[in-house]
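Step one of this worksheet: look at the structure below.
What follows draws every value from the coordinates through simple rules; no lab data is involved. Predicted model, so just to flag it, every value in this text is computed and none were measured. Note: ideal-geometry Cβ built from the backbone for every residue, glycine included; neighbour counts use all protein chains shown.
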Amino acid sequence: MIKLNVEQLLQQKNISKEKLCKEMGITRWNLNQAIKSHNSISYKYLEGFCKVLGCRIDELLIFVDDE
């Protein structure tokens, strides 16, 4: 399963969810849905996360073995 590493990156970079939402122009509900969803996420959100968090896509997306 591929998961978003957003919460860990927020903590590492000392950025609040509120600041992330404000800079990305999204609601807290949409942020939580993006983080918890296991279905799909838009490229717009992926790009926004990388810009605001100052990370690469390979730092944002992590693979977790389901077994």
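Data for the structure
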quantity: Cβ-derived FRET efficiency at R0 25 Å, V64 paired with S40, nearest 0.05; calculated: 0.90
quantity: Per-residue ³J(HN,Hα) for segment 2-11, Karplus 6.51 cos²θ - 1.76 cosθ + 1.60, θ = phi - 60°, Hz, x for Gly and Pro; calculated: 9, 10, 7, 9, 4, 5, 5, 5, 4, 5
quantity: Kirkwood-Stokes translational diffusion coefficient of the chain, alpha-carbon pairs, 4 °C, 1.567 mPa s, µm²/s; calculated: 107
